Amino acid sequence: MSSEKDKNINNIIDPLEIEEWVRSLEGVIQRSGRDAAKILLEVVENRAKELRVLYQPLPYSPYRNTISQHDQGIYPGDLKIEEKITAILRWNALAMVMKANKNYGGVGGHIASYASCAEIFETGFNHFFKGGDQSDLVFFQPHSSTGIYARAFLEGRLTENHLNNYRHETKEDGLSSYCHPYLMKNFWNFPTGSMGIGPLSAIYQARFLKYLENRNLYKSTKHVWGVFGDGEMDEPESLAGLSLASRENLDNLTFIINCNLQRLDGPVRGNGQIIQELESLFKGAGWNVVKVLWGSEWDKIFLMDKNHLLLKRFAETVDGKYQTLGARDGAYNLKNFFGEDPEVLKLVSTMSDEDIDKLKRGGHDFKKLYSAFKLALETKGKPTVILAKTKKGYGMGKAGESKMTAHQAKELDIEALKEFRNRFGLDMSDDQLENLDFYKPSEDSEEIKYLKKRRENLGGFIPQRKVEQISIDVPKLDDHSKFLFEDSDREYSTTTGLIRVLGNILKNKIIGPRVVPNVADEARTFGMANLFSQIGIYSPHGQLYEPEDSSSILTYKESKNGQLLEEGISEAGAVSSWVAAATSYSNHNYPMMPFYIFYSMFGFQRVGDLIWAAADQMPRGFLIGATAGRTTLSGEGLQHQDGHSQLIASTIPNLKSYDPCFANEIAIIFDEGMKRMMQECKNEFYYLTVSNEKYSHPKIDLTNKEGILKGGYLFSDNTVDGININLFGSGPIFRECIKASEILKNDFGIGTRLYSITSYSELEKDCKETKRKNMLNPNNVSKSFLENIVSNNDPIIATSDYVRAYAQLVSGYLKNKFTSLGTDGFGRSDTRANLRDFFEVDANHIVVSSLFSLLEEKKVTSDIVSKAIKSFNFQSNSDHPWNI
Ligand SMILES: Cc1ncc(C[n+]2csc(CCOP(=O)(O)OP(=O)(O)O)c2C)c(N)n1
């Protein structure tokens with residue numbers, strides 16, 4: 001306390017009275033223990049609140065370890081061997097990066113991140129991370145992947161050849177830069193390379209385990225661990241799920257934040273303390289927080305620090321300074337940290353510069369880490385975060401330890417390598433250092449035997465992605481969608497059609513329980529309110545209240561074994577939740593079929609990176625973009641109207657995306673998707689856009705099934721003996737094509753072929769594949785599916801409710817003159833008719849575009865086009881909305 005502050009306090013309360021309170025608290029601790037003291041303080045605090053004494057305690061604890069030396073317990077491992085193993089791992093990880101850059105140049109890699117978290121990982125690997133059938137789910141800090149490879153090398157799972165091919169992912173033996181399941185299908189489980197996605201995904205994986213258990217589908221003892229960077233916690237996604245984790249009592253989840261105080265450019269909080277900040281955040285969100293800040297060497301100093309002067313020094317020191325102290329030697333630390341308070345200096349008066357140099361941070365101390373991990377596992381009812389203070393580039397010495405440039409450091413000179421070897425006691429010659437030889441002790445060495453034994457005790461090696469192809473029977477099309485193939489004039493939206501199909505699927509005894517319907521607070525919007533009572537809304541607490549609408553058959557029913565995941569207004573959370581279910585087949589060998597329905601505008605553009613990470617994990621499930629189409633969603637305006645999700649979706653290789661017009665087309669795609677993913681175990685997932693426009697759905701000929709699935713088919717042939725044109729249409733806009741076809745025929749005598757295009761992206765995949773095959777086999781060329789269905793030379797007008805680029809995906813693969821009409825520009829609210837006129841995708845505009853295209857082909861005269869423009873009252877000097 002500053003003396004000024006002391007004086008002010010003394011004016012308010014007698015210092016002796018304070019002293020008495022403190023002494024009596026200490027007395028309670030001595031006589032009855034710390035738990036008793038806690039109870040006492042709680043009672044006093046409650047009374048203070050009742051008396052309106054607005055006491056606001058600090059949201060964080062002192063800057064020291066949460067677990068005292070006294071409570072630490074006995075370390076069960078062999079420290080000497082573990083330290084040796086860690087030194088070898090550090091070396092091999094470093095050599096891997098240096099070699100990759102030396103031999104091939106520019107492929108990058110990181111040394112400093114793993115150097116900072118090696119002890120954290122090793123604590124997990126040697127003592128906690130379970131392998132085998134009940135394998136824990138571990139999210140690894142991505143820039144530390146080298147350390148995981150280095151370990152797999154010692155475990156005999158990777159060869160020297162693999163390590164030599166680090167970051168050469170186009171080679172068969174190449175090791176992926178970061179944790180990418182798609183690129184190393186038997187190894188990694190979770191992609192974490194994009195900061196923020198790992199923490200959020202880990203929370204939803206833990207939550208999904210509880211969901212499976214509460215629904216009595218799959219019970220496990222798995223724990224979810226996530227090692228993340230302190231810089232990574234800046235990402236909004238990193239924090240987005242924290243309150244859900246405590247609200248749902250996810251005690252199967254532990255985060256370990258590697259607080260090396262640095263991110264890429266510099267300190268995470270140079271002028272503050274990230275550890276204290278994170279403690280407040282996590283505590284506020286209801287997590288159990290365990291700080292591991294100081295290594296065992298500090299314990300004796302703390303014992304001497306009766307007046308907590310050292311703690312005061314810690315509290316006053318900002319992270320920018322901690323970093324500088326970390327980069328400098330003992331003498332510097334003595335002068336610039338301890339020496340700033342003569343009383344603190346006295347605490348270390350018997351210590352030499354070297355002793356000071358050896359004072360470790362807690363995140364590099366196995367004993368401290370072990371007790372924190374253990375406490376995390378023992379904590380019930382809430383998740384735990386371990387805040388482990390470390391040094392970035394630990395062991396890199398002057399070349400990188402706590403240096404501002406540590407993140408980018410990719411090599412060490414020979415002097416630095418020698419320093420590294422000596423510091424960690426590696427048994428390597430100078431030549432071996434210079435050659436960057438990997439170090440592998442013999443199979444009968446104590447290190448290898450120890451490491452393997454520990455893994456054996458924990459159930460097996462990790463990470464490991466082991467997928468058993470489990471086939472689940474799915475019902476036949478007729479069983480779930482018969483109603484969509486009957487003659488009917490009824491008008492309904494494709495959303496309604498699909499939700500009814502879903503309702504039928506949910507009733508199926510085999511696949512039904514495996515369906516995971518998931519919404520981000522939009523179930524009512526999509527007509528799914530009946531599911532609330534039909535299948536229940538998942539809540540681990542059941543329902544602790546009588547819902548306002550309890551007398552309704554659609555009552556809002558929460559239950560412990562509820563099936564519907566109502567995620568609230570968090571698209572990032574909802575999609576992470578979807579991923580957890582969509583990867584249940586690979587993470588738990590228990591396939592589930594998630595069905596996430598969302599406002600399409602708040603899908604790909606909002607959480608595109610999460611969907612990209614999902615793709616990396618090869619999910620199986622459905623993403624449903626509802627209220628889709630820039631002009632089909634009327635009245636909502638610019639931020640709601642999606643005119644591009646299909647284009648973004650087309651960039652994801654294992655995603656099949658469709659924009660069908662009719663509910664029966666959707667049923668066919670849904671049926672096929674379900675069969676391929678669940679029964680045939682295909683690694684693909686589906687994106688379907690559905691809309692809220694009501695119209696009737698013509699009976700379709702099931703011989704068109706192949707076309708519907710491949711992306712398009714000839715819906716009707718209205719050609720005439722004379723001039724003809726091809727009209728492509730997708731989504732609800734296809735109906736504008738049908739109208740345009742009538743106008744063209746009735747008013748201009750022009751015939752049409754109407755193609756219902758269900759997926760430009762699926763068509764494009766086939767076109768590009770065919771073209772490439774033809775290029776490589778010029779004597780044996782074949783036609784693409786699209787060329788086969790459009791076997792004529794007439795022009796094509798392709799219209800969608802998406803930007804023109806969507807239909808243009810296929811334009812380069814056909815000889816026909818190709819015009820794409822779409823909804824480029826900013827969305828806005830109005831009626832559908834006005835919007836379609838405004839964006840020039842309605843029937844009239846399709847007619848004029850058709851005529852102009854025929855004019856360009858010299859099949860009609862300009863007078864005809866002018867006549868049409870006049871009859872539709874188009875303004876020749878108007879601007880298209882793409883002009884801004
Ligand atoms: C979304 C995203 N933005 C930026 C990056 C680039 N990046 C890679 S590592 C890094 C710094 C990470 O800092 P921190 O999380 O503290 O990890 P550590 O210091 O342990 O490496 C950044 C910005 C990224 N990988 N992902």
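Can you list the residues, at least 5 places off or on another chain, whose amide H is less than 5 Å from the amide H of residue 175, using H built in the peptide plane?
Placed amide hydrogens put 165, 166, 167, 168 under 5 Å from residue 175.
Give the long-range amide H neighbours of residue 723: residues separated by 5 or more places, or on another chain, with amide H under 5 Å away, using H modelled in the peptide plane at 1.01 Å from N.
751
When a/c is below 1.5 the answer is rounded, else prolate if a/b is larger than b/c, else oblate, so apply that to segment 394-548 with a ≥ b ≥ c taken from the square roots of the Cα gyration tensor eigenvalues. Let's see the in-between values first.
Values: a/c = 3.27, a/b = 2.75, b/c = 1.19.
Prolate shape, in that a/c is at least 1.5 and a/b is the bigger ratio.
As I understand it, the value is the acute angle between the Cα axis of helix 571-582 and the longest principal axis of the Cα atoms of the chain; what does it come to in degrees, rounded to 10?
90 degrees
Return one whole number: the accessible area per residue of segment 286-435 in Å², for a 1.4 Å probe.
44 Å²
Per Stokes-Einstein, at 25 °C and 0.890 mPa s, what whole-number D in µm² s⁻¹ belongs to segment 547-619, with the Kirkwood radius over Cα pairs as the hydrodynamic radius?
177 µm²/s
Ignoring any ligand, DNA or RNA, what whole percent of the accessible area of segment 491-625 comes from carbon and sulfur when the probe is 1.4 angstrom?
Answer for segment 491-625 is 49 percent, counting heavy atoms of protein chains only.
Using amide H atoms built in the peptide plane, which far-off residues or other-chain residues are under 5 Å from residue 557 H to H?
Answer set, sorted by chain and number: 533, 537.
Treating the angle as unsigned and between 0 and 90°, give the value, to the nearest 10°, between the Cα long axis of helix 446-457 and the longest Cα principal axis of the chain.
That works out to roughly 60 degrees.
Give 358/392; 219/560; 710/739 a once-over and call out the pairs whose C-alpha atoms are over 23 Å from each other.
Among 358/392; 219/560; 710/739, the Cα-Cα distance tops 23 Å for 710/739.
Across segment 774-884, how many lysine pairs separated by 8 or more positions, or lying on different chains, have Cα atoms within less than 18 Å? Each step should come with its number before you reach the end.
Numbers: 783/815; 783/817; 815/858; 815/859; 817/858; 817/859; 858/867; 859/867.
Lysine pairs satisfying the spacing and distance rule in segment 774-884 number 8.
On the accessible surface of segment 58-138, probed at 1.4 Å, how many percent belong to carbon and sulfur atoms? Walk me through the intermediate numbers first.
Numbers: 1520 of 2850 Å².
Using a 1.4 Å probe with all protein chains present, segment 58-138 comes out at 53 percent carbon and sulfur.
For segment 704-794, with the dipole built from +1 on Lys and Arg beta-carbon atoms and -1 on Asp and Glu ones, taken about the Cα centre, which of 758, 777, 746 lies farthest toward the positive end?
The one lying farthest along the dipole's positive direction is 777.
To check my understanding: the extent here is largest minus smallest coordinate of the Cα atoms along each principal axis. What are those three numbers for segment 495-598, in Å, largest first?
Each principal axis gives a Cα extent; for segment 495-598 these are 41, 30, 25 Å.
Determine the alpha carbon to alpha carbon distance for each of 694/745; 482/768; 367/449 and list only those over 24 Å.
On the way: 694/745 26 Å; 482/768 35 Å; 367/449 21 Å.
Too far apart for the 24 Å limit: 694/745; 482/768.
Give me the mean projected area, in nm² to one decimal, of the convex hull enclosing the Cα positions of segment 593-686.
Details: hull surface 23.2 nm².
The Cα convex hull of segment 593-686, projected and averaged over all directions, gives 5.8 nm².
Filter 102/398; 84/380; 476/773; 507/705 down to the pairs with a C-alpha to C-alpha distance above 31 Å, please.
Checking Cα-Cα distances, 84/380; 476/773 exceed 31 Å.
Report the accessible area of residue 127, computed with a 1.4 Å probe over the heavy atoms of all protein chains in place, in Å² rounded to the nearest 10.
About 20 Å², rounded to the nearest 10.
Rounded to the nearest 5, what is the percent of antiparallel bridges among the DSSP beta bridges in segment 156-311? Before the final figure, lay out each step's value.
Working: 1 of 8 bridges.
Taking every DSSP beta bridge with both residues in segment 156-311, the antiparallel ones total about 10 percent.
Expressed as a whole number of Å, what is the distance separating the alpha-carbon centroids of segment 143-195 and segment 700-738?
47 Å
Kindly provide the GluC sites (Glu not before Pro) of segment 402-502 that DSSP labels as loop, not H, G, I, E or B, and whose Cβ sees at most 11 other Cβ atoms within 10 Å.
Here the sparse-neighbourhood loop sites are 443, 468, 486.
Rounded to two decimals, what ratio of Rg to Rh does segment 710-829 give with C-alpha atoms and a Kirkwood Rh?
Numbers: Rg = 15.0 Å, Rh = 14.9 Å.
Taking Rh as the inverse mean 1/r over Cα pairs, Rg/Rh reads 1.01.
Give the separation of the Cα centroids, segment 309-351 to segment 31-106, in Å.
What the calculation gives is 20 Å, centre to centre.
With charges only on Cβ, +1 for K and R and -1 for D and E, what is the dipole size of the chain about its Cα centre, in debye, rounded to 20?
960 debye
Find the Cα radius of gyration of the chain, compare it with 2.2 N^0.38 Å by division, and give the number to two decimals. Each step should come with its number before you reach the end.
Details: Rg = 32.4 Å, N = 884, 2.2 N^0.38 = 29.0 Å.
Ratio of Rg to 2.2 N^0.38 Å for the chain: 1.12.
Can you spot the aspartates and glutamates whose alpha carbon is less than 13 Å from residue 346's alpha carbon? Ignore those fewer than 8 places along the same chain.
Result set, ordered by chain and number: 305.
Mind running the shape call on segment 797-884? Use the C-alpha gyration tensor, a ≥ b ≥ c as the square roots of the eigenvalues: rounded below 1.5 for a/c, prolate if a/b tops b/c, oblate otherwise.
Details: a/c = 2.18, a/b = 1.12, b/c = 1.95.
Oblate shape, in that a/c is at least 1.5 and b/c is the bigger or equal ratio.
On each of the three principal axes of the Cα atoms of segment 353-461, give max minus min coordinate, whole Å, ordered largest first.
Result for segment 353-461: principal-axis Cα extents of 52, 39, 29 Å.
Going Cα to Cα from residue 374, which lysines come in below 17 Å? Please leave out same-chain ones fewer than 8 positions away.
In chain and number order, the partners are 130, 222, 291, 382.
Mind ranking 303-311, 212-220 by how tightly packed they are, going by the mean number of other C-beta atoms within 10 angstrom, highest first? Provide the component values of the computation, followed by the final result.
Numbers: 303-311: 14.0, 212-220: 15.7.
Top of the packing list down: 212-220, 303-311.
Would you kindly calculate the mean projected area, averaged across all directions, of the convex hull enclosing the Cα atoms of segment 488-530, in square nanometres?
If you wrap the Cα atoms of segment 488-530 in a convex hull and average its projections, you get 3.7 nm².
Sequence gap at least 6, Cα distance under 8 Å: using those rules, report the relative contact order of segment 432-569 to the nearest whole percent.
Contact order relative to length: 19 percent.
What accessible area per residue comes out for segment 47-122, rounded to a whole number of Å², with a 1.4 Å probe?
49 Å²
If you average over every viewing direction, what projected area does the convex hull of the Cα atoms of segment 157-240 give, in nm²?
Quarter of the Cα hull surface area: 7.3 nm².
Taking all protein chains in place and a 1.4 Å probe, what share, in percent, of the accessible surface of segment 188-341 do carbon and sulfur account for?
51 percent
Mind pulling the angle between the C-alpha long axis of helix 663-674 and the longest principal axis of the chain? Nearest 10 degrees, somewhere in 0 to 90.
That helix lies at roughly 40 degrees to the long axis.
Could you report segment 512-588's accessible area per residue, 1.4 Å probe, as an integer in Å²?
Counting only protein heavy atoms, the per-residue value for segment 512-588 is 37 Å².
The values are calculated or read from the model by the stated rules, or taken from the named source; none is laboratory data. Quick caveat: nothing in here was measured; it's all calculated off a predicted structure. Glycine also receives a Cβ, built like all others from the backbone with ideal geometry; neighbour counts cover every protein chain displayed. Calculation scope for accessible area: heavy atoms of the full protein, side chains included, ligands and nucleic acids excluded. Shrake-Rupley method; radii C 1.70, N 1.55, O 1.52, S 1.80 Å.
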